[in-house]
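Every number in this text was worked out from the coordinates using simple rules, so none of it is lab data. Since we're looking at a predicted model, the values are computed, not measured. So basically every Cβ, Gly included, is an ideal-geometry build from the backbone, and we count neighbours across all protein chains shown.
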Amino acid sequence: MSLLEVEAIDTFYGRSQVLFGMNLAIAAGEVVTLMGRNGMGKTTTIRSIMGLTPAARGKIRFRGEDIRSLPSYRVAKVGLGLVPEGRQIFPNLSVKENLIATAANRNGASQPWTYERVVELFPRLAERANNMGNQLSGGEQQMLAVGRALMTNPHLLILDEATEGLAPLIRLEIWNCLERLKQTGQSILVVDKNVEALTRLANRHYVIEKGRVVWQGDSEALRAAPDIRHRYLGI
Amino acid sequence: MLLLLFEQFLNGLQIGLLLFLLAAGLTLVFGIMDLVNLAHGSLYMMGAYFAAVFTQWTGNFFLGALLALPAGALLGIVVEVIALRTLYTRDHLDQVLATFGLILFFNEFARVVFGAGGMAIELPSWLEGQVMVMPGLPYPSFRFLIIVVGLACAGFLYLLVQKTRLGMLIRAGASNREMVGALGIDIKLLFTLVFGLGSALAALAGLMSGPITTVQIGMGDNILILALVVIVIGGIGSIRGAFIAAIAIGVIDTMGRAFLPNMLGTVLNPSDAGTLAQALSSMLIYILMAAVLVLRPAGLFPAPGR
Ligand SMILES: Nc1ncnc2c1ncn2[C@@H]1O[C@H](COP(=O)(O)OP(=O)(O)O)[C@@H](O)[C@H]1O
Ligand SMILES: [Mg+2]
């Protein structure tokens, strides 16, 4: 059974429609990507799933439960952890506070993420524990955003442009971290532009254009489809 | 002279702390939910009426106050759930109009329920006297108690906001409400709690000023204006800013009224000095606000991310 099923959703900002029958499914333990050029609706898909910009039509089910019209805090509670585009760290909370303020283990994970485990994953955060969120570098903010989402112990971790604007070494650190999370069985939905890294990391891919899926397949199929990469991803 | 100065300073501190109790709730509400709530002054007034009624019932000011606080919190929560929730997504002008309507409602409500005449709150006799705050300076016991309670509340709020999970969420909510929700926190519930807390503090300020002034219709209206000045100077959403600004305004206002006439009297003739001093001292805090806004448009301690 799928962990997350998105079926034919339409989403609007005011009167302008952005998603047109968008589909997506993720099984437990899978790493799935969402790719496409800027402005095609990747962030909007995530916002719809999270209940931040609710979809007007269609179905969104998480572990069988209909979550399409739940407010975002309830979506988070059923087990979705968001690492949002632009990181959105709380600037007026310290690093440690950013991590523990919203921490929870609502689904009774047997080995829950704790502050200690997060700083073990990102040792830099331990050094910065008492710094305010707005005193961090972009890379540190990104690690903090990942750690903050992990501390809600989600069934599904969602990352929107997690490596955008980061230096190559820091990017590598983020990719390595995601690889480690995958090893532990964490289900992940990733939005990113780095096709190489995504092909190595993920099981399956969705390519979208103008709010609908135009291609889907596993990493092998994506490697074998240079025309898709060229046409929809611009590489 | 020095004693007089110190006494006026204490008066200013006492008024400043009452202002702080009112401004604390106001600034949190404005900071987290982006809601301008003019009716906060009504919760101050209702707190005073509750205390007056409960004091009459129980015959004891402290029991009355103890009952008035939860009543004030409860009233705030009811107002929030019934009236204010619908206003969060509206613009500030709608909020001002709607909450101004609430002021009229509460003033009318008080007239019908408690009568137009106002009520006095009777203090126990041991609070009617004076304490020696230092050799040669007796000070009214009750005003001194207000200072102690005000400082204790400030300390409590500091600990709550800086050291607890709830406080972290309040600060996080002031900088990025949507993200707090997306991480699994019911921001509406959080806000209702904060609103209840703010209402209890407003009620506390009202019931403590009741015995000094009298409890009357519209008593919250003037002090609300001052509290708005306080949160603008302190930075919207900042408890620390509200504390510093409230004390500064209390002290400057009191000192201005007490000493400006004499100071101006040394250079002007007495009647001119009198009029000018009166005009100046009532303007003093607005001059301060203008100066702060020129130098720091977001106030002294703006919550980042706004
Ligand atoms: N808040 C908004 N209001 C109106 N239009 C928006 C808003 N956010 C995004 N859009 C539009 O929706 C489309 C999809 O945006 P988005 O989902 O952010 O794309 P992506 O994440 O794939 O770059 C774009 O055309 C964008 O201009
Ligand atoms: Mg995007």
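Which value, in debye to the nearest 20, describes the size of the charge dipole of chain A about its Cα centre when Lys and Arg Cβ atoms bear +1, Asp and Glu Cβ atoms bear -1, and nothing else is charged?
Numbers: 29 positive and 23 negative charges, 93 e Å.
About 440 debye.
Comparing Cα centroids, the stretch B:1-72 and the stretch B:267-283 end up 31 angstrom apart. Taking the Cα centre of the stretch B:9-217 as reference, the dipole from Cβ charges on Lys and Arg (+1) and Asp and Glu (-1) amounts to some 320 debye. State log₁₀ I(q)/I(0) for the stretch B:174-271 at q = 0.10, 0.11, 0.12, 0.21 Å⁻¹ as given by the Debye formula over alpha-carbon point scatterers of equal weight, solvent excluded. Log-scaled intensity ratios, in q order: -0.46, -0.53, -0.61, -1.18. What is the sum of charges around A:Glu127, taking Lys and Arg as +1, Asp and Glu as -1, for the other residues whose C-beta is under 12 Å from the C-beta of A:Glu127? So the environment of A:Glu127 carries a net charge of +2. Charges were assigned to the Cβ only: +1 to each Lys and Arg, -1 to each Asp and Glu. The resulting dipole of the protein assembly as shown about its Cα centre is roughly 1120 debye. Helices meeting the span-like rule in chain B (full DSSP H runs, Cα extent of at least 24 Å along the helix axis, mean Kyte-Doolittle score of -1.0 or higher): B:2-33, B:40-58, B:61-79, B:92-114, B:141-163, B:187-209, B:239-265, B:270-295.
Determine the alpha carbon to alpha carbon distance for each of A:Lys182/B:Lys188; A:Lys77/A:Lys182; A:Lys96/B:Lys163; A:Lys182/B:Lys163; A:Lys77/A:Lys210 and list only those over 23 Å. Walk me through the numbers before you get to the answer.
Values: A:Lys182/B:Lys188 35 Å; A:Lys77/A:Lys182 21 Å; A:Lys96/B:Lys163 12 Å; A:Lys182/B:Lys163 35 Å; A:Lys77/A:Lys210 30 Å.
Exceeds cut-off: A:Lys182/B:Lys188; A:Lys182/B:Lys163; A:Lys77/A:Lys210.
For the peptide A:62-74, the mean number of other protein chain Cβ atoms found within 10 angstrom of a residue's Cβ is 2. Residue exposure proxy: A:Lys77, B:Lys163, ordered by other Cβ atoms within 10 angstrom of their Cβ from fewest to most, comes out as B:Lys163, A:Lys77. The mean sequence separation of alpha-carbon pairs under 8 Å and at least six residues apart, normalised by the residue count of the stretch B:9-217, gives a relative contact order of 44 percent.
Structure remark: mean-square fluctuation, Gaussian network model of chain A, C-alpha springs under 10 Å; the largest value among A:Thr184, A:Thr44, A:Thr11 belongs to A:Thr184.
Ordering B:Ile217, B:Gln56, B:Thr89 by Cα displacement along the dipole of the stretch B:9-217 toward the positive end leaves B:Thr89 in first place; charges were set at the Cβ atoms of Lys, Arg (+1) and Asp, Glu (-1). Between the stretch B:137-209 and the stretch A:199-235, the C-alpha centres lie 52 angstrom from each other.
Using a cut-off of 13 Å between beta-carbons, work out the net charge of the residues near B:Lys163 (Lys and Arg +1, Asp and Glu -1, B:Lys163 not included).
On the way: positive: A:Lys96, B:Arg165, B:Arg171; negative: A:Glu97.
Residues close to B:Lys163 contribute a combined charge of +2.
Using the Kirkwood radius over C-alpha pairs as Rh, can you work out the diffusion coefficient of the protein assembly as shown via Stokes-Einstein at 10 °C, viscosity 1.306 mPa s, in µm² per second? My calculation gives 60 µm²/s for D.
Using a/c under 1.5 as the rounded threshold, could you call the stretch B:9-217 rounded, prolate or oblate? The axes a ≥ b ≥ c are square roots of the C-alpha gyration tensor eigenvalues, and prolate needs a/b larger than b/c, oblate otherwise. Display every interim value, and only then the final one.
Details: a/c = 2.27, a/b = 1.43, b/c = 1.58.
Since a/c reaches 1.5 but b/c is at least a/b, the shape of the stretch B:9-217 is classed as oblate.
With each label modelled as a point 7 angstrom along the Cα→C-beta vector, the B:Tyr286-A:Ala109 pair spans 5.6 nm.
Taking Cα atoms only, the orientation of helix A:138-150 departs from the longest principal axis of chain A by about 80 degrees.
Here B:Thr214 and B:Leu189 are evaluated by their C-beta separation; at R0 = 41 Å the FRET efficiency comes out at 0.65. Of the residues A:Asn134, A:Ala56, B:Val36, the one whose Cα sits farthest toward the positive end of the charge dipole of the protein assembly as shown, with +1 on the Cβ of Lys and Arg and -1 on the Cβ of Asp and Glu, is A:Ala56.
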